[in-house]
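Taking it in order: structure first as structure tokens, then the write-up.
The values are calculated or read from the model by the stated rules, or taken from the named source; none is laboratory data. Since the model is a prediction, treat every value here as computed from it, not as a measurement. All Cβ positions, glycine included, derive from the backbone under ideal geometry; neighbour counts span all protein chains shown.
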Amino acid sequence: MHIDSNDVFWMVQVKHDAVEVDFDSGRARLRVRGLKVFDDHDIANSLTLGLGLPAMGSPFPPIAPVFPVRATVSFDVEWNGIVAMEQIDNTLQGFKGSFLSTGATIKWSAEEDGFQFESEAPDPNRNLISVLGREKNGVFFK
């Protein structure tokens, strides 16, 4: 979740063929392999560019500074099966959309110098909530 030089975080461009969507059937897939990222260790170091946070009193201990390191991640997220549907039309705030609650699974791996992680096998029964949506807002609201 590294903040890039353009002050954008939590977003990364992926290849066009990494995404497949069939909204009407409630199916989608995001498959990314070997994406180069920074490992900032935690959100505090990500948002402070590695400076950590001082103690803010109990129960908030200090967060030590950790310099970001290069890492590579791969993930495969699948949404499948419509559980519920919702239409939202908020003309006052210029927002509308169609949203599908679905099942979903994810398989994740990460690697950096001296460390490697791979998630357990995807299990649809471990999913709490997943949503696919189509929305219009701002200049696209009309």
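Can you tell me which residues in region 90-112 are of a type outside the set (Gly, Ala, Ser) and modelled with pLDDT of 95 or more?
Quick first cut of region 90-112, residues of a type outside the set (Gly, Ala, Ser) only: 90-93, 95-96, 99-100, 102, 105-108, 111-112.
Residues satisfying the conditions are Phe99, Leu100, Thr102, Thr105, Ile106, Lys107, Trp108, Glu111, Glu112.
May I ask you to list the residues in region 11-38 that are assigned to a strand (DSSP E or B), farther than 20 Å from Ile82 by Cα and among the small types (Gly, Ala, Ser)? Spell out the reasoning first.
Narrowing region 11-38 to residues assigned to a strand (DSSP E or B): 19-22, 27-38.
Imposing the further condition that a residue be farther than 20 Å from Ile82 by Cα reduces the set to 31-38.
Selection gives Gly34 alone.
Select from region 39-68 the residues that are part of a strand (DSSP E or B), in contact with a helix residue (DSSP H, G or I) (Cβ under 8 Å, 6 or more places away or on another chain) and closer than 24 Å to Phe117 by Cα and list them in ascending order. Even if it seems obvious, please write down each step before you answer.
Quick first cut of region 39-68, residues part of a strand (DSSP E or B) only: 39, 53, 63.
Narrowing the set further to residues that are in contact with a helix residue (DSSP H, G or I) (Cβ under 8 Å, 6 or more places away or on another chain) leaves 53, 63.
The answer is Ile63, and nothing else.
Check whether at least one residue in region 43-60 is closer than 30 Å to Gly138 by Cα and modelled with pLDDT of 95 or more, and report yes or no. Spell out how you get there, then give the answer.
Here is the first cut: in region 43-60, the residues closer than 30 Å to Gly138 by Cα are 43, 46-47.
Applying the additional criterion that residues be modelled with pLDDT of 95 or more yields none.
No.
Can you tell me how many residues within region 104-134 are among the hydroxyl-bearing types (Ser, Thr, Tyr) and over 15 Å from the mean Cα position of the chain (by Cα)?
At the first step, the residues of region 104-134 found to be among the hydroxyl-bearing types (Ser, Thr, Tyr) are 105, 109, 119, 130.
If we keep only those that are over 15 Å from the mean Cα position of the chain (by Cα) too, we end up with 119.
Of the residues in that region, 1 qualify.
For Gln93, work out the one condition from (1) on the phi > 0 side of the Ramachandran plot; (2) part of a loop (DSSP other than H, G, I, E, B) it doesn't fulfil.
Single failed check for Gln93: (1).
When you scan region 86-142, how many residues do you find that are under 30 Å from His41 (Cα atoms), exposed (fewer than 15 other Cβ atoms within 10 Å of the Cβ) and among the charged types (D, E, K, R)?
5
For the condition small (Gly, Ala, Ser), out of contact with any Phe, Trp or Tyr (no Cβ under 6 Å at 6 or more places or on another chain) and loosely packed, with under 12 Cβ neighbours inside 10 Å, what is the one hit in Ala71, Ala55, Ala44? Outline the logic, then answer.
Working: Ala71 fails: loosely packed, with under 12 Cβ neighbours inside 10 Å; Ala44 fails: loosely packed, with under 12 Cβ neighbours inside 10 Å.
On inspection, the qualifying residue turns out to be Ala55.
For region 129-142, which positions are in a loop (DSSP other than H, G, I, E, B), modelled with pLDDT of 90 or more and either more than 14 Å from Val83 (Cβ to Cβ) or not polar (S, T, N, Q) (or both)?
Initially, region 129-142 is screened for residues in a loop (DSSP other than H, G, I, E, B), giving 129-130, 141-142.
When the remaining residues are screened for being modelled with pLDDT of 90 or more, the result is 129-130.
Matches in region 129-142: Ile129 only.
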